[in-house]
Amino acid sequence: MKKMVLSTFNLYWRNLFLINSLGAFGIVLIAMFMDYYLLLVACPLCILQRYVFVGIGLLSFFVFIFPKIKKTLVTLIVVTSLLGVFFAVRQIYLQQLSQEELLALSGCGMPLNALVEYFGFFEGIKLAVMGGPSCAAEDWRFLFNFAEWALIFFSGFLGINVTALIKSYN
């Protein structure tokens, strides 16, 4: 009986990682839809957040496929979620700055691919995280703006995966 309960529990967690994966990829697809059909332009910080969602989606899918290395992959998902929380909080902070403070930032004045191509990978990412006026723009809002929604979803992924990590050690 105990083995059946344990098996049901493991099946529940495996399916949860599949749902995690589909949810993360769904968020990216919605963002791409809004770019192409609503003609919104994503700033470099938004693009970095999309990459983090893709990372969470891929890692969650790998947990679903390879449950034997779950602890390692879930730890990577937790770290990736923390990175996403950092990016989202940074963007929310930038949105609260005054116009003068925003103009003083020398971060994202170009698209992310141009930043990386011109300044190199690490310097380009650093400039994107520093932000600029384009990162503070609120072009769309449904109860919350993009960065606030991202923070909510990253926090959700973080909570789910920290719980899964704790359960995997018990």
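The values are calculated or read from the model by the stated rules, or taken from the named source; none is laboratory data. Just so we're clear, the structure is a prediction, and the values are computed from it rather than from any experiment. Because the Cβ atoms are built from the backbone with ideal geometry, glycine has one as well, and the counts that use them run over all protein chains shown. Ligands, DNA and RNA are stripped out before the accessible areas are found, and what is left, the full protein with its side chains, is counted by its heavy atoms. Shrake-Rupley method; radii C 1.70, N 1.55, O 1.52, S 1.80 Å.
Tabulated results
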| quantity | calculated |
| --- | --- |
| Number of the condition not met by E138 [criteria: (1) open to solvent by 60 Å² or more (accessible area, probe 1.4 Å); (2) part of a helix (DSSP H, G or I)] | (2) |
| Which listed residue is open to solvent by 60 Å² or more (accessible area, probe 1.4 Å) and closer than 22 Å to I56 by Cα, from F157, F153 | F153 |
| Pick from the stretch 62-93, criterion in contact with a Gly (Cβ under 9 Å, 6 or more places away or on another chain) and over 20 Å from I19 (Cβ atoms), ranking: least open to solvent (accessible area, probe 1.4 Å) | Q91 |
| Any hit, the stretch 94-101, residues being free of Cβ contacts under 8 Å to residues at least 12 places away in the same chain and open to solvent by less than 50 Å² (accessible area, probe 1.4 Å) | yes |
| Residue within the stretch 34-47 that is over 16 Å from D139 (Cα atoms), modelled with pLDDT of 80 or more and part of a helix (DSSP H, G or I) present | no |
| Every residue from the stretch 60-108 that is within 21 Å of W149 (Cβ to Cβ) and over 12 Å from the mean Cα position of the chain (by Cα) | S60, R90, Q91, I92, Y93, L94, Q95, Q96, L97, C108 |
| Residue list for the stretch 41-53, filter: touching a helix residue (DSSP H, G or I) at 6+ places or on another chain (Cβ under 6 Å) and of a type in the set (V, I, T) | I47, V52 |
